[in-house]
Every structure is written in C-alpha cells, then in structure tokens.
Amino acid sequence: MKKMFSIIISLLLLSFFAACGGGDKADKSAKRKARAPKAKAGYQTMAVTDGGAITGKATFTGTIPPKKKLEVTKDVNVCGKVAHKDESIVASSDNGLANVVVKITNISKGKGMDSMGAEFSVDQNGCMFIPHVILVPAGAELTIMNSDGVLHNIHTYSEKNDVMNVAQPGFKKKMIKVFEEEEIFRVACDVHNWMGGYFAIAGHPYHAVTGADGSFTLTDVPAGTYTLEFWQEKLGTQTVEVTVAAGGSAEANATFAIGG
C-alpha cells in the first residue's frame, strides 16, 4: 500500500513539474519582443518642439484612364468572388491620386521611428494585396497574411533588400518578414499572375501614402526647407520644395500626367 502511495505521489510531482516547465516555455514565448524599427544611417532622433506640418495632395491631370479588367485564371472559386482591375492608377472623382508615396528626401533629424506605429501587415484577400501600397519602417516586422486559404507565393523585386520568394500555403495564415533598407519595390504572387502591389520601406518617419482622395499629412516636422518627393508606380516621381516655419504649416502639391 505504501509503495502504491509513493508511486501516486511521484506521478503527481512529475505532472506538476512538467506543467511548470510548459508554463515557463509559454512565458518565454509571450515575452518575445517584436523587432524595433531602425532609421537609416545619418538620421538623428530628437524631441521635436514647435514642429510644423506639411499637408498636400497628389492629383492626376487629364482624363482618368479606365481601369483594365484583369482575368482570373486560377482558384476561380476564391479569386473570382470579386472583380479584379488594374490598380496602377487609382483616382478619385476630383482626380486625387491614391497610393502615392510621399517623403522628405533631405531631413537628417526629427521624431523617432516609433511614431510610425507598432504593427504593420499586408493581407492577400480575394487574391489581391491589401493595401496595394503599404508603408513599413525599415527594421520593423511586416506580417504577411493569407486570408484566402489557397496557395500564394510572395515574390519581391527589391534591389537594396534581400529578395523574398517564398510559398505561403493556405494553412499558413501569416509570415513575418523584415526589410532593412529604405526602398520602394514591387511584390507579386507567382501563383496568381494578376496579383501585384508595392512595399515602401521607410528609413525615417517622414513618409506617407496618399489616401483615396490623394491627400497626405506629415506632422512634427522641424522648422526648415525641405524637398518632398512624390512617387507613383506608373507615373514616376515629382519633387516639390517647401519651407516649414516653427509651429506652422505648409502645403505641397504634386500633379501627375501620363507621359510626364
């Protein structure tokens, strides 16, 4: 009887220690910290007092070209639930251009990279990249989602960053990727050849992507004179000079047209 009692006590103790060990592993996993964004070399983080704001709009001049319909040729039961159209030029009714990346090209110090946010994700949903253009701080973790439940393949066409060419099966709902260098590059899915988008990797926090109406805002900008670059995937780049007064606001607009 005593022997049986000892065996039971031993088993209980083993179960307790095993549970504690599992909890410790879970705690370690929970304590894992996400990668912190990292500004490009030469950029100095400082407290910005009396910072100003830059607001503006990117517009398209001329007749807005109709969106070309894209043919869905695979996984039609999933991908064909919505109509697919060319997203290379997206304009509002008043010709505001969406998905234009705006950045200050000649800023050397200002607010920290944490001002850009803490979480960044792009989803493959309906066999589309959503959003079409995503802004991600250099060194931050980008979560790449697969909400479709079918096989996708993430293929980046980067030059400064390592090329990513990785399959993401339907059961793998998310992957984490870090890009270290400031760069805008195309991303595609090799399985569904109509899918395309862009990753804009930011080396400092004074970046923005225009909204559906073409507008953008940059805040906490130290007083000074700056060059703003507007990038559009099909229409190229425009630059605008702007001067920001301490505590003031400035406006910078860019106009794009087909053929420059």
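The values are calculated or read from the model by the stated rules, or taken from the named source; none is laboratory data. It should be emphasised that the depicted structure is a prediction, and the values quoted were computed from it without experimental measurement. Every residue, glycine among them, receives a Cβ derived from its backbone with ideal geometry; neighbour counts consider all protein chains shown.
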Of all residues in the range 93-147, count the ones that are touching a Leu at 6+ places or on another chain (Cβ under 8 Å) and at pLDDT below 95. 0
Taking A212 as meeting all but one of (1) over 14 Å from the mean Cα position of the chain (by Cα); (2) assigned to a strand (DSSP E or B), write down the number of the exception. (2)
Can you tell me which residues in the range 119-141 are under 25 Å from D213 (Cα atoms), small (G, A, S) and in a loop (DSSP other than H, G, I, E, B)? G126
Please find, within the range 142-158, the residue that is nearest to V102 (Cα to Cα) out of those that are touching a Lys or Arg at 6+ places or on another chain (Cβ under 8 Å) and assigned to a loop (DSSP other than H, G, I, E, B). Y157
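Can you give me the number of residues within the range 241-260 that are buried (at least 18 other Cβ atoms within 10 Å of the Cβ) and part of a strand (DSSP E or B)?
Going through the range 241-260 one residue at a time, the tally reaches 5.
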Looking at E119, is it over 22 Å from the mean Cα position of the chain (by Cα), assigned by TED's automatic domain parsing to the domain that holds R186 and surrounded by fewer than 19 Cβ atoms within 10 Å (Cβ to Cβ)? no
Residue among V163, V150, V187 that alone is at pLDDT 95 or above, aliphatic (A, V, I, L, M) and in contact with a helix residue (DSSP H, G or I) (Cβ under 7 Å, 6 or more places away or on another chain): V150
Any residue in the range 218-231 that is assigned to a loop (DSSP other than H, G, I, E, B), within 27 Å of D123 (Cα to Cα) and of a type outside the set (S, T, N, Q)? no
When residues of the range 42-86 are limited to those that are free of Cβ contacts under 8 Å to residues at least 24 places away in the same chain and part of a strand (DSSP E or B), the one nearest to the chain's Cα centre (by Cα): K85
State which residue is surrounded by the most Cβ atoms within 10 Å (Cβ to Cβ) when the search covers only the range 57-85 and only residues that are at pLDDT 95 or above and of a type in the set (A, V, I, L, M). A58
